[in-house]
1. With +1 assigned to the C-beta of every Lys and Arg and -1 to the C-beta of every Asp and Glu, and no other charges, what is the dipole magnitude of region 39-216 about the Cα centre in debye, to the nearest 20?
2. All other residues with a Cβ under 13 Å from the Cβ of residue 108 taken together, and with Lys, Arg as +1 and Asp, Glu as -1, what is their net charge?
3. Tell me the net charge near residue 169. Cut-off is 10 Å between Cβ atoms, residue 169 excluded, with +1 for each Lys or Arg and -1 for each Asp or Glu.
4. Order the peptides 125-136, 171-182 from the highest to the lowest mean number of other Cβ atoms within 10 Å of their residues.
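Coordinate-derived values only; no laboratory data. The structure presented is a predicted model; accordingly, all values stated were derived computationally and were not measured. FYI the Cβ positions are ideal-geometry reconstructions off the backbone, even for glycines, and counts take in every protein chain you see.
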Amino acid sequence: MKQTNQWKILAGMVFALGLVAMIVMFLPDGDAPPPASSDSDARVAALASEHSPSIGDAGAKVHMVEFLDPACGTCALFYPMVKEWLAQADGELRLSIRHLAFHEGAEYAVRVLEASRNQDKYWETLEALLGSQRQWVNNHVVQPDQVAPAIAGVGLDMDRLVADMNSAEVTRRIERDKADAILLKVAATPEYYINGRPLPSFGAQQLLDLVREELAR
């Protein structure tokens, strides 16, 4: 009888320990690291574009973020339209450009753009490149030796530009844009986000409608 009671006590202890273990599994761990940011928080951070070239009032009501490949023909077609909207928006629209190199050799042109920022010539360089794409892009492949003639009229210090193109800061910005594009699942350019909202479908009218909708809020 004594041995039977001992077995009952032992079995009870095992059951109690098992129950405690199950409870502990479902309790929050006070020493565990805080949970990672939500997907929404990560998207907001990715679209803040604080390191990116921007034009327009910093306090503008509408923030347009464009992922752009300088060798992309559609990007070149859309840019004058967006520029016109900026002129008409009376300070209520801001544009930030993020760079991607989807076309073969396009990272060279991206580095030129990023390096031109060090001379406060970014927007002039961007417009020169987009306006002369046929000169330095052949069958969707960038011809690096034709980029310098295409931007000759911008007034850049070319020796400084070449030195800055391979700087750690330029590389850091490029990698940041790549990482944010991956997070946002950007698969083509141009890709637009209006106050964080993607286009329902791609097109000039869809872009204009979304801008107008955000302006009217």
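1. 160
2. Working: positive: 111; negative: 69, 104, 107, 114, 145.
In short, -4.
3. +1
4. Details: 125-136: 18.8, 171-182: 16.2.
Going from most to least packed, we get 125-136, 171-182.
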